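The values are calculated or read from the model by the stated rules, or taken from the named source; none is laboratory data. What you see is a predicted model; the values in this text were computed from it and never measured. Positions of Cβ are generated from backbone atoms using ideal geometry, with glycine treated the same way; all protein chains shown enter the neighbour counts. Ligands, DNA and RNA are excluded from the accessible area calculation, which covers all protein heavy atoms including side chains. Shrake-Rupley method; radii C 1.70, N 1.55, O 1.52, S 1.80 Å.
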Amino acid sequence: MFILFWLSVTLLAQTANALTDREKSGGWKLLFDGKTLAGWHASVPAPPSGRARSAQPPTPGQVGTPKPCVASRSESAPAGASHWEVVDGSLTACGSPTGYLTSDRSYQNFVLSIEFRCGVDTNSGVFVRSPQENGGYEVQIWRQQPAGYNTGAIVGTAKTAREYAFKADQWNRYQITADGDHLVVELNGETTLDIRDARFSEGHIRLQYQQFPIAFRNIKIRQLP
């Protein structure tokens, strides 16, 4: 049994942040190499148009207790940006302030596959089609968002018909399809949302950090016509 367990762990370690031959032939591209932040940059969310950034403290329950950083802060990150690093093949954020990790490239029509691991009360989300690193569609991870846009919903756009739960402190997978105005969200193979909305047609991918420990890996995209 020990040998089987060791082989299974070794196989998982080998396949993390890599494309299978089938994925390569199907047009999938890897967005995170498991070693560096290449293709990504820390970003500061822009304030609402015409307004300065608010100095108001966050609503209680929206910001967690950060974990210490392993690596030193990047000198290339803009002032006020959160700190992101690669630890054990995963993208993680640490320390303060809150913020985002944003893809360098912008995408229009695609299928995005991304794995995340976090605690039961973590407030986070995956943004797609985020124009100019602000706005876009936020696919919610947080289980109890105050306005009811809980896990599997798209904040401010559509709520789920029922509650969906991710597996706390284990790896979970979101598959997000954006094809024209057709948006589909799947959590661990189960569809949480299937809607049409045309507000955002193209933009960046953004990973949200609210000082709750969270990790991302196996970030893959297949662009659609």
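Below is a table of values for the structure above.
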item: Partners for Lys35 among lysines (Cα-Cα distance below 24 Å; same-chain residues under 8 apart left out); result: Lys24, Lys67, Lys220
item: Probe 1.4 Å, protein heavy atoms only - accessible area per residue of segment 129-225 in square angstrom; result: 43 Å²
item: Set of segment 22-37 residues, backbone N closer than 15 Å to the point 7 Å along the Cα-Cβ line of Arg222; result: 22-31
item: Simple Cβ-charge dipole of segment 104-186, Lys/Arg +1 and Asp/Glu -1, about Cα centre, in debye nearest 20; result: 160 debye
item: Stretch gain in nm, segment Asp21-Cys69, where the contour uses 0.36 nm per residue and the Cα spacing is subtracted; result: 13.8 nm
item: Heavy-atom accessible surface of segment 121-187: percent carbon and sulfur, 1.4 Å; result: 42 percent
